[in-house]
Each structure stands twice: as structure tokens, then as C-alpha cells.
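Visitor: Next up is a structure, given as C-alpha cells.
Derivation of every value follows stated rules applied to the coordinates shown; laboratory data play no part. Since we're looking at a predicted model, the values are computed, not measured. Ideal geometry is used to build each Cβ from the backbone, glycine not excepted, and the neighbour counts take in all protein chains shown.
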Amino acid sequence: MLMVGDVIVHTDIITECFCCDIDKCHGLCCEEGDAGAPVSMDEIAAIENELDRLWPGLSAGAQAMIDKQGVAYADPEGDMVTTIVGGRDCAFRGCQGCLLNCKPLSCDLYPIRMKEFGNGLTGINYHRWDICKDAVAKGRAQNMPLYIFLRQPLIRRFGTEWYDELCHTAEELLKSIPSNQPNA
């Protein structure tokens, strides 16, 4: 673990390679799972404000679930998450990018997961999921570290100054790792 500003960063974010390969996975991270994407109250409001525009791109099942419970619900841990259909598919999956103006940060940052702690601390780690094996392979083939692949979402959340500090920290960390060790 490393500290970058007030963010606890798992070293895997720097050392592991990743680059989404939508052509191969077809967005399985929006289909698989037992809960929707984590969302903040501001993100829920943004989605609700855009719902009329989003509505035509939603499946009938998604529309029915949103009519029933809204665009988000509290998961078993009490966290707000996007509505899901059939116990697993994100209701907004069928929008094909129509959430661009109100895409939840948790989706933008994936496979980085974020946890807010008390006292202004945040932690970020790499969430490994077997459905992303093609993204790992593509990232390795392109030598694309996860923190570089997710540059824009990390800047969106933490700002340019923080991201520049992360890059500097990454350079220092990578200097200390023998180059003949493959990423796990």
C-alpha cells in the first residue's frame, strides 16, 4: 500500500496491466454480479435528471424495475447501487453509452474500487474478476498499467495534481521492482 495525498493506493494499481477489451467481453461487468454499480446521491440525481433521455434506450425489464424501485436502491450493506434486472444485469446496460453525461464514477473507475474512510481518507484497490481476463491480456500486450488506462477517471475523482503525484509515486515504485519479474 502507498499513500498518495490522502488516498491509500494498493500497489497493484501501479504494477498490474489492464485495458478493457469490449469486443471480447461485450461489457460483462454490466451483466454479472449480485448488485448494481455503487452510486452517490449526486449521481442518482444526475441519472434521474437524464431519465427521460435515457428511457428509450432501456429494455422493457429495466423500465419496469425503474418504475418499481427508482434508478437506485440500497444493497444489503446499505450502499446505494444502480437498479438491476433479473438479479444481475444493470438496468442501464442497454443504453449503449447514453449514460455518458451521467456515468457513475464507480463504472468509470472499474476495475478500481474505491472506499471512503473516516477523516478524509479514501482507499483504492484493483478488483480482480475472471470476466476481465481479456482486459488483462490486452493490457499486458500493450504494456498498459491500470493507473495509466484509468487516467481520465482517476483525474475525474481526485484531480490532475493528485494524478501527477500518483505518476511520480508509480515511477519511484517501478524503479525499485526488478524488471525481470512478470506481473502476477
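Visitor: Can you put 11, 83 in order, fewest other beta carbons within 10 Å first?
Guide: Fewest-to-most ranking of 11, 83: 11, 83.
Visitor: Among 29, 74, 58, whose Cα sits farthest toward the positive end of the charge dipole of segment 27-102 (+1 at Cβ of Lys/Arg, -1 at Cβ of Asp/Glu, about the Cα centre)?
Guide: Result: 58, furthest along the dipole toward the positive end.
Visitor: So, one more: Is there a quick way to get the dipole size of the chain? I mean about its Cα centre, with the Cβ of Lys and Arg at +1 and of Asp and Glu at -1; what is the value in debye to the nearest 20?
Guide: 440
Visitor: Quick one: angle between helix 60-69 and the longest Cα principal axis of the chain, in degrees between 0 and 90, rounded to 10, please.
Guide: 90
Visitor: Give the angle, between 0 and 90 degrees and rounded to the nearest 10, that separates the Cα long axis of helix 41-54 from the longest principal axis of the Cα atoms of the chain.
Guide: Approximately 60 degrees, to the nearest ten.
Visitor: From the P(r) of segment 1-71, can you give the percent of Cα pairs sitting at distances over 20 Å?
Guide: 56
Visitor: Additional query: Find the relative contact order for the chain and round it to a whole percent, using C-alpha pairs within less than 8 Å whose residues are 6+ positions apart.
Guide: 34
Visitor: Mind pulling the angle between the C-alpha long axis of helix 160-175 and the longest principal axis of the chain? Nearest 10 degrees, somewhere in 0 to 90.
Guide: Roughly 40 degrees, rounded to the nearest 10.
Visitor: Give the aspartates and glutamates whose C-alpha is closer than 20 Å to that of residue 115, dropping any in the same chain fewer than 8 places away, or say none.
Guide: List returned: 6, 12, 16, 34, 42, 43, 75, 77, 79, 165.
Visitor: Express the relative contact order of segment 27-102 as a whole percentage, based on alpha carbon pairs under 8 Å and six or more residues apart in sequence.
Guide: Contact order relative to length: 44 percent.
Visitor: Evaluate the distance, in nm, between pseudo-label points positioned 7 Å from the Cα of residue 133 and of residue 6 along their respective Cα→Cβ axes.
Guide: 4.1
Visitor: Something else about it: Assuming 0.36 nm per residue, please report the length gained on full extension of the stretch residue 172 to residue 142 beyond their Cα-Cα distance.
Guide: Residue separation times 0.36 nm, minus the Cα-Cα distance, leaves 8.7 nm.
Visitor: While we're on this one: Where the centre of each part is set by its Cα atoms, how far does segment 52-68 sit from segment 128-161, in angstrom?
Guide: Here the answer is 30 Å between Cα centres.
Visitor: Another question, if that's okay. Could you list 161, 32 so that the one with the fewest beta carbons within 10 Å of its beta carbon is first and the one with the most is last?
Guide: 161, 32
Visitor: Would you please classify the overall shape of segment 27-102 from the alpha carbon gyration tensor, given that a ≥ b ≥ c denote the square roots of the eigenvalues, rounded means a/c under 1.5, and beyond that prolate means a/b larger than b/c while oblate covers the rest?
Guide: Judged from the Cα gyration tensor, segment 27-102 comes out rounded (a/c under 1.5).
Visitor: Let me spell out the model: positive unit charges on the Cβ of Lys and Arg, negative unit charges on the Cβ of Asp and Glu, origin at the Cα centre of segment 27-102. What dipole size does that give, in debye rounded to 20?
Guide: My answer is approximately 280 debye.
Visitor: Sticking with this structure for a sec: Can you tell me the length gained on complete extension of the stretch residue 114 to residue 24, counting 0.36 nm per residue apart and subtracting the Cα distance?
Guide: Residue separation times 0.36 nm, minus the Cα-Cα distance, leaves 29.8 nm.
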